[in-house]
Amino acid sequence: MSEEKTLTVILTVGKSDNGKMATLAFSAALSAAAMGQPASIFLTGDGAVWGFEGSARGISVQGFPPLDDLIQEFRLAGGRLLLCSVCHRTCSSGSHEVAPSVKMLDGTEICGFATVLELAGQGVCLTM
């Protein structure tokens, strides 16, 4: 009997491409979750923006559901949304010294690269 493999997506792209990479990342992870495969998305660098309320509002890539819907469906399907422990402060307030000013999406976990490496070692890892 084989162990269940996880999918870990590392999303490093923010709004510079109008949400294209985020849409692809959430679509891939949602597909895995819908197939019963554990899936996580680690938001780091510019990609950390997607872990905050309102960041995906109004973003839609042709041929895909709106990004807000993909994120919500991913979370409802049991997907884990992981936010970089360093980036969560700089992307929400611009400074390590200031408490975050923007609310994270409910259920978002703050973690570091050790968590991502552990998850990646349990299955497949995609970087976007």
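Select from the chain the helices, each a whole stretch of DSSP H, whose alpha-carbon atoms run 20 Å or more along the helix axis and whose Kyte-Doolittle mean is at least -1.0; answer none if there are none.
Within the chain the helices that satisfy the rule are 20-34.
Summarising the amide proton neighbourhood of residue 126: residues at separation of 5 or more, or on other chains, whose placed amide H is nearer than 5 Å comprise 8, 9, 10. Its Cα centre serving as origin, the chain has a Cβ charge dipole (Lys and Arg +1, Asp and Glu -1) of approximately 160 debye.
Remark on residue 110: its backbone amide H falls under 5 Å from those of 83, a criterion applied only to residues 5 or more positions apart or on other chains, H modelled at 1.01 Å from N. Computing FRET efficiency as 1/(1 + (r/R0)^6) for residue 37 and residue 76, where r is the C-beta to C-beta distance and R0 is 22 Å, gives about 0.90.
Sorting the segments 38-51, 63-76, 19-32, 114-127 by their residues' average number of neighbouring beta-carbon atoms within 10 angstrom, most packed first, yields 38-51, 19-32, 63-76, 114-127. Only bridges with both residues in the chain count here: give the DSSP antiparallel percent, nearest 5. Within the chain, antiparallel bridges account for around 5 percent of the total. Candidates 76, 65, 34 compared by Cα position along the dipole of the chain: farthest toward the positive end lies 65, with charges placed on Cβ.
Region 59-80 and region 11-54 have Cα centres spaced 9 Å apart.
No value in this document is a laboratory result; all are computed from the given coordinates. Bear in mind that the values here come from a model prediction, so they are computed numbers and not experimental data. FYI the Cβ positions are ideal-geometry reconstructions off the backbone, even for glycines, and counts take in every protein chain you see.
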